[in-house]
Structures are given as C-alpha cells and as structure tokens.
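Chemist: One structure coming up, written as structure tokens, with questions to follow.
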C-alpha cells in the first residue's frame, strides 16, 4: 500500500464486485469503445470540422473513463452528471456534421470569450497584466467576429448571445432527432447538475430520503448514456473524416444493441 493510500482512502474498493455484477458487459463494452475511440483520434483531421470532431471525441473519451470509475465506486449519480456532458458533446458533433458551415462559429466563439474575460478582469481591477499587444489582438479579433454573435431580437442588438450556436440545446436536438433524450434524460440530469428539486428527487429513494454513495442508483443510465454518446460521435467523425472504421463501429453498435436491448433507430 502506498503512502497516499495509507493517509487518504480513495474509492470504494469493497463496492467494486457489486458494481461489476450489476452490468459486467456494459463496463467491458464501454472500456473497449474508449480504446477504439483512441484509435480514431490518433491523427488530427484534414479540415477545421474534422479537427473539432477529433478533439471533442478525445475529450469524450476521458469523460467516459470518468463515468466508468465513478460507477465502479458507487458514485453513479455523479457518473450520470458526467454522462450529461458526454451526451452534450455528442450532440455538438452530430449537429456540426449536419451543419458543417457553422464550424467557424464554434471556433470563433473563443474570441468572444477572450474579450469578455479581459473586460471582467479590467472591471475587477485585476492585477493580472495583459500586454498591450495582446489587448490589441483581443479587441481586433472580437470586432472581426462580433456581428456573427449578436442576438436575433432587434431590441437586444447590442447584446451577444451566450453560445456559439444560434440554436438552443432543444432546437439542436430537434434538428438531429434527439428530442426524446432532451425531454427525459437531459431534463433529469440537468436538474441533478444544477441541484434543482428535480435533481434532488432523482437522488432520493421512494420515501424521499437522499441516497448516498456507494449505491447503484442510475448506474445503467450513466453507462448507457456514455456508451451511446461515444458511439454516435465515433460514427459521425468516422463518416466525416473517412477513416475506414466502419466494420469496427458496426460491431460495436451490435454489442451496444445486445447489451441495452435497443433498436438501431433508438
């Protein structure tokens, strides 16, 4: 046992067997899918769109690994919160695949963030020194893209929207056919992330008492969401970048359908 392990208990080792017994094939399949994803993202893409998809999938891999670790240790509610971010990332990939012309908005929104950050630091009287050259660059780039991020409402002509995409999350779901996910999984998991009463209910037992880790509540939902989200993103990236992983992804899709007993179109 390491010095760290002697001083600080990390994880719930006594829970591992119980977690694995809950759905051993799901754990194995998700880890195999993460490994397959790693093969897809080995090389950068050949276009801005492909590069964005490759980087998003890379981030999704790490988050899916976190889902596995959290579920394995009985922190399944927190795993579901992480799965929500994996689902959102998959939504972005699918949306950009359908609307590739919006990839520049996705990339250039960072320039809006740079300007906002600088203005906040100035307003707070931050002691962080920003070189004049960098200030000029931030202002110049902000003015170059600003008009693309104005709100649609003429009354808000001087206000910028808070996201790279003109569409809301729900509208993005409508565009790619995922409104069912939005109305069910996303609503509940968002409540958990923002600790609304919906989120508290989702982490309570039938008597209204809070359920604490380690436990299996939401384990299947967390694993399935991460599993399906990575699979969708892999399919979109492979199809866009022509990576040649059709056979491997088709086999992974069959495994997913067998574990979770869903139809191809679900």
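Chemist: Taking 8 Å as the Cα distance limit and 6 or more residues as the minimum spacing, I'd like the relative contact order of the chain as a percentage.
Modeler: Details: 270 pairs, mean separation 82.5, N = 266.
Rounded, it is 31 percent for the chain.
Chemist: Order of 260, 16 from fewest to most other C-beta atoms within 10 Å?
Modeler: On the way: 260 17, 16 14.
The order, fewest Cβ neighbours first, is 16, 260.
Chemist: Here is a further query. I'd like the FRET efficiency for residue 141 and residue 59, computed as 1/(1 + (r/R0)^6) with the beta carbon distance as r and R0 of 35 Å, rounded to 0.05. Mind dumping the intermediate values first?
Modeler: Numbers: r = 24 Å, r/R0 = 0.68.
Using R0 = 35 Å, I get an efficiency of 0.90.
Chemist: Let me ask something else. Once fully extended, how much extra length lies between residue 258 and residue 200, figured as 0.36 nm per residue of separation less the alpha-carbon to alpha-carbon distance?
Modeler: Working: separation 58, 0.36 × 58 = 20.88 nm, distance 3.20 nm.
This chain segment gains 17.7 nm when fully extended.
Chemist: What FRET efficiency do you get for residue 107 and residue 250 if R0 is 41 Å and r is their Cβ-Cβ distance, rounded to the nearest 0.05?
Modeler: Details: r = 31 Å, r/R0 = 0.76.
After rounding to 0.05, the efficiency reads 0.85.
Chemist: Show me the ranking of peptides 118-129, 54-65 by mean Cβ neighbours inside 10 Å, starting with the highest.
Modeler: Values: 118-129: 10.0, 54-65: 18.5.
So the peptides 118-129, 54-65, ranked by packing, come out 54-65, 118-129.
Chemist: What does the extension gain come out to for residue 207 and residue 25, with contour length at 0.36 nm per residue minus their alpha carbon separation?
Modeler: Values: separation 182, 0.36 × 182 = 65.52 nm, distance 3.14 nm.
Length difference between fully extended and current span is 62.4 nm.
Chemist: For Rg/Rh (Cα atoms, Kirkwood Rh), which listed value, (1) 0.98; (2) 1.19; (3) 1.02, comes from the coordinates shown?
Modeler: The value computed from this structure is option (3).
Chemist: Roughly how many Å is it from the Cα centre of segment 62-122 to that of segment 38-57, as a whole number?
Modeler: Each part's Cα centre sits 15 Å from the other's.
Chemist: Normalised by the number of residues in segment 9-132, what is the relative contact order in percent for Cα pairs under 8 Å and 6+ residues apart? Walk me through the intermediate numbers first.
Modeler: Values: 71 pairs, mean separation 28.9, N = 124.
Computed over segment 9-132, the figure is 23 percent.
Throughout, read-outs are computed from the coordinates displayed, never taken from laboratory work. Predicted model only: the values in this text are computed from it and were never measured. Cβ: placed from backbone, ideal geometry, glycine included. Neighbour counts: every protein chain shown.
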